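Participant: Sharing a structure with you now.
The values are calculated or read from the model by the stated rules, or taken from the named source; none is laboratory data. What you are looking at is a predicted structure, and each value in this text was computed from that prediction instead of being measured. Glycine gets a Cβ as well: all are built from the backbone with ideal geometry, and neighbour counts include every protein chain shown.
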């Protein structure tokens, strides 16, 4: 992959046309326009600090294992344990973000099919589409890295052009727009909670979920030219470009709201789709919806790519049940095909509770944020502990490293607690935020396995690129 392709993977997974739009309805009810519009740049800047700290470590250790490999190398002692738990949090987050992206795409596709063909937007139909999309993304990734790289390059321009088209149409076609005071100052609380501060903080999930997946640039470094520079640049540029373009998109979409009640009460279940239709008519609305769906499908494809590379690297070191199966490499495509299908299958399982839990999508996105960001920041924490002993790569933060890393760690601790909290009141079986359950199940499984068995044989990642490892990879090649 070129440096641009490496950037394209992370930019595509961040996907402002996926995260911003799929959680836009959550934002309308949880803080409203004020939190949607002002939460975005605030969270974006905090995310940039996390990304800067991550990029510095990536430059020193550009490997497919990424985060869990970094933890092993940075820990002064018990490196295997740090690596083990970083990898498991990353695995949880990667699977959840794949679920969130393709789950969101299923919502939007179901809305389009409902408008076009009367295919009702029911939980059962949405789950069916969710499964089909995951299968398609699994098949695309099975064909090999060159096809995925080409589609990722196309995806960058699709996202940029798509934002320009959507914002341009919403700016010039509707006869009426909301006032600036509404867009930048209207606070809405439809959660049932009485505290405006609490609700406003919950509303930050829209932005924080969107700013996930940029660790893909790290996971793809073994397939990227000049990885020690291209990987860090891919991480940082994907965040910056998404920060600017996403803010433009959110402001443009919020100005175009014709009826707040119509948007939040739409029968399609997708508020942006209703905003498109109310603003530019049924035909124009469906065309804008198709642009968003295309971007979301690109995004999900890239997420499966990054997820499978992390699974491949982690299982290469025996850290997943059935590791010998998941790190096999397809001899024809030279890609970890079994890992691709584990990524898709795990994502589907996480989305299934939507059949009986109305807040399942918000829970899946919370799981993605918590799993990924804990994995993002553990290497940064270990890097801070090393101090001046840290061996910098060609891309580094210089004297700003300690300050940036400290703020990043504090921010991740805060959002980890925040997004485990109840999002809707009263809390019932259909509104329960099952994020803590999912996180504790995975953490409990990983912890029990570690203390019962893995600590006796898991020694951390192999030395990436060593003759022994390359020989092991050749032995693992198998025609699937």
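Participant: Looking only at region 421-432, how many residues end up being in contact with a helix residue (DSSP H, G or I) (Cβ under 9 Å, 6 or more places away or on another chain) and at pLDDT below 85?
Facilitator: So the answer is 1.
Participant: Would you mind stating whether residue 148 is under 19 Å from the mean Cα position of the chain (by Cα) and either under 25 Å from residue 338 (Cα atoms) or part of a helix (DSSP H, G or I) (or both)?
Facilitator: Numbers: under 19 Å from the mean Cα position of the chain (by Cα): yes; either under 25 Å from residue 338 (Cα atoms) or part of a helix (DSSP H, G or I) (or both): yes.
Yes: the conditions hold for residue 148.
Participant: So which residues in region 311-322 are farther than 11 Å from residue 342 by Cα and outside any loop (DSSP other than H, G, I, E, B)?
Facilitator: 313, 314, 315, 316
Participant: Moving on to the next point. What tally of residues in region 306-335 results from selecting those that are over 20 Å from residue 70 (Cβ atoms) and either surrounded by 20 or more Cβ atoms within 10 Å (Cβ to Cβ) or touching a strand residue (DSSP E or B) at 6+ places or on another chain (Cβ under 7 Å) (or both)?
Facilitator: 5
Participant: Continuing with the same structure: Of all residues in region 424-463, how many are free of Cβ contacts under 8 Å to residues at least 60 places away in the same chain, closer than 30 Å to residue 194 by Cα and in a helix (DSSP H, G or I)?
Facilitator: So the count comes out to 3.
Conditions (1) more than 10 Å from residue 100 (Cα to Cα); (2) touching a residue at least 40 places away in the same chain (Cβ under 8 Å); (3) in a helix (DSSP H, G or I), marked per residue:
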| residue | (1), (2), (3) |
| --- | --- |
| 332 | yes, yes, no |
| 335 | yes, yes, no |
| 339 | yes, no, yes |
| 343 | yes, yes, yes |
| 346 | yes, yes, yes |
| 350 | no, yes, yes |
| 358 | yes, yes, no |
| 363 | no, yes, yes |
| 366 | no, yes, yes |
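Participant: Looking at (1) more than 12 Å from residue 27 (Cβ to Cβ); (2) modelled with pLDDT of 90 or more; (3) assigned to a helix (DSSP H, G or I), find the lone condition where residue 222 falls short.
Facilitator: Unmet for residue 222, out of (1) more than 12 Å from residue 27 (Cβ to Cβ); (2) modelled with pLDDT of 90 or more; (3) assigned to a helix (DSSP H, G or I): (2).
Participant: If you don't mind, there's one more thing I want to ask. Which members of region 169-218 meet the condition of being in contact (Cβ under 8 Å) with a residue 24 or more places away in the chain, more than 27 Å from residue 100 (Cβ to Cβ) and assigned to a helix (DSSP H, G or I)?
Facilitator: Residues satisfying the conditions are 171, 182, 184, 185.
Participant: Considering only region 26-36, state which residues are at negative phi and crowded, with 23+ Cβ neighbours inside 10 Å. So that I can check it myself, show each step before the final result.
Facilitator: So in region 26-36, the residues at negative phi come out as 26-30, 33-36.
Matches in region 26-36: 27, 28, 30, 33, 35, 36.
Participant: Kindly indicate which of 403, 418 is in contact with a helix residue (DSSP H, G or I) (Cβ under 7 Å, 6 or more places away or on another chain) and closer than 28 Å to residue 13 by Cα. Explain how you work it out, then say what you get.
Facilitator: Working: 403 fails: in contact with a helix residue (DSSP H, G or I) (Cβ under 7 Å, 6 or more places away or on another chain).
Criteria check complete, one pass: 418.
Participant: Might you check whether a residue that is within 14 Å of the chain's Cα centre (by Cα), assigned to a helix (DSSP H, G or I), over 20 Å from residue 163 (Cα atoms) and touching a residue at least 12 places away in the same chain (Cβ under 8 Å) occurs anywhere in region 40-50?
Facilitator: Yes: region 40-50 contains one or more residues that are within 14 Å of the chain's Cα centre (by Cα), assigned to a helix (DSSP H, G or I), over 20 Å from residue 163 (Cα atoms) and touching a residue at least 12 places away in the same chain (Cβ under 8 Å).
Participant: Would it be correct to say that residue 103 is within 18 Å of residue 297 (Cβ to Cβ), at pLDDT 90 or above and outside any helix (DSSP H, G or I)? Reasoning before the result, please.
Facilitator: Numbers: within 18 Å of residue 297 (Cβ to Cβ): yes; at pLDDT 90 or above: yes; outside any helix (DSSP H, G or I): no.
It is false that residue 103 is within 18 Å of residue 297 (Cβ to Cβ), at pLDDT 90 or above and outside any helix (DSSP H, G or I).
Participant: To continue, here is another question. Determine if region 234-254 includes at least one residue that is in contact (Cβ under 8 Å) with a residue 40 or more places away in the chain and part of a loop (DSSP other than H, G, I, E, B). Break it down stepwise before answering.
Facilitator: Going residue by residue through region 234-254, those that are in contact (Cβ under 8 Å) with a residue 40 or more places away in the chain are 234-243, 245-254.
Those left that are additionally part of a loop (DSSP other than H, G, I, E, B): none.
No - not one qualifying residue is present in region 234-254.
Participant: Looking at region 280-288, is at least one residue at pLDDT 90 or above and part of a loop (DSSP other than H, G, I, E, B)?
Facilitator: For region 280-288, residues at pLDDT 90 or above and part of a loop (DSSP other than H, G, I, E, B): present.
Okay, residues lined up against (1) free of Cβ contacts under 8 Å to residues at least 12 places away in the same chain; (2) under 16 Å from residue 309 (Cβ atoms); (3) under 19 Å from the mean Cα position of the chain (by Cα):
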| residue | (1), (2), (3) |
| --- | --- |
| 67 | no, yes, yes |
| 70 | no, yes, no |
| 74 | no, no, no |
| 78 | yes, no, no |
| 81 | no, no, no |
| 84 | no, no, no |
| 89 | no, no, yes |
| 93 | no, yes, yes |
| 96 | no, no, yes |
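Participant: Quick check on my filter: what residues within region 61-109 are farther than 22 Å from residue 13 by Cβ and either in contact with a helix residue (DSSP H, G or I) (Cβ under 8 Å, 6 or more places away or on another chain) or buried (at least 24 other Cβ atoms within 10 Å of the Cβ) (or both)?
Facilitator: Quick first cut of region 61-109, residues farther than 22 Å from residue 13 by Cβ only: 72-85.
Correct list: 72, 73, 74, 75, 76, 79, 80, 81, 82, 83, 84, 85.
Participant: Look at residue 383 and say whether it is touching a helix residue (DSSP H, G or I) at 6+ places or on another chain (Cβ under 7 Å), crowded, with 19+ Cβ neighbours inside 10 Å, touching a residue at least 60 places away in the same chain (Cβ under 8 Å) and closer than 21 Å to residue 233 by Cβ.
Facilitator: Yes: the conditions hold for residue 383.
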